[in-house]
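Here the structure is laid out as structure tokens; the discussion comes afterwards.
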């Protein structure tokens, strides 16, 4: 694999840089866990990339090293760690303009500053070898200050006063919350904490926060709060009671369903017709309904009956909307979308 090749070549760089007398081919092959032919190819790749590799013969054997002018620089990371850092930079691309993305870019810049020019160029090859194209996501550059305030309040356990806009009604309200966690999920950022007005743990969408101020009050997190338990039954963001869900997918979607983890509780069973059956213990609300609808006629809810009815109702409304005579200027239906968040909108 390309990642294994880059990691092996990075180890080769470090080994050659540390040896002034040179390293034999057999020794390199043993240390890198590969055959001599692979070492030859890696050496050629380094020379092609501009590394000053030289060799000399002693007692009929070739020994390889870098020219004396080459400097390895300060490299406090293993190859795997460098690969992970390069990869995570793209993973956080959807948070560009926030402290999360800017911090990883700053870390990468510091690493490059400690490398020689040849190694710096090679690190860019690391970054180009792994690409992440983020799916649909919200943009958070304008919320940079709010995110920093949220992070500091979580760490300092400081109560916040926030002005929040409801996603359902559009109305604004002023809240006091004790922020427990900042959570990135499904292309969006949320803050989970104790809402003083409702007296419950709530999830607030960061991009709906219209104003944010830190108060002088310090809070102690509720002893019974467990983030993993709080989100365990959620199919998305909404915290709901778990129920047994059975969905049958036809053969067109079998591989797609089988190859992914949709929920920690899932089991996927093959069917004789080539389809699969997915079983989960999960909240069966609007988020799950919207996800099922995305498969069109390729998915069929078997249980619970309430979820089956919700999907049927949504499909009926969609059919009616397409069957009715109208124009592109018609207003959208009042039915909510499949993705909502359990935030202050419920009050």
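None of the figures in this text is laboratory data; all of them are computed from the coordinates on show. Every value quoted in this text rests on a predicted model; they were computed, and no experiment measured them. In this analysis, Cβ positions are derived from the backbone assuming ideal geometry, glycine residues included, and neighbour counts consider all displayed protein chains.
Annotations
- The stretch 113-266: C-alpha gyration tensor shape, a/c 1.5 cut-off, then a/b vs b/c: oblate
- Cβ-Cβ FRET estimate between residue 291 and residue 44, R0 fixed at 51 Å, reported to 0.05: 0.55
- Rounded, prolate or oblate (a/c below 1.5 giving rounded, otherwise prolate when a/b exceeds b/c) for the stretch 243-323 by Cα gyration tensor: oblate
- Chain lengthening between residue 264 and residue 216 when straightened (0.36 nm per residue, less Cα-Cα): 13.4 nm
- Calculated FRET value between residue 168 and residue 137, using beta carbons and R₀ = 22 Å, to 0.05: 0.55
- In a fully extended conformation the segment linking residue 306 and residue 18 would gain 97.0 nm over its present Cα-Cα distance, using 0.36 nm per residue.
- Three-way shape call for the stretch 141-225 based on the alpha-carbon gyration tensor, with the a/c threshold at 1.5: rounded
- Short-range pairs are left out: with C-alpha atoms under 8 Å and at least six residues apart, the relative contact order of the stretch 2-66 is 38 percent.
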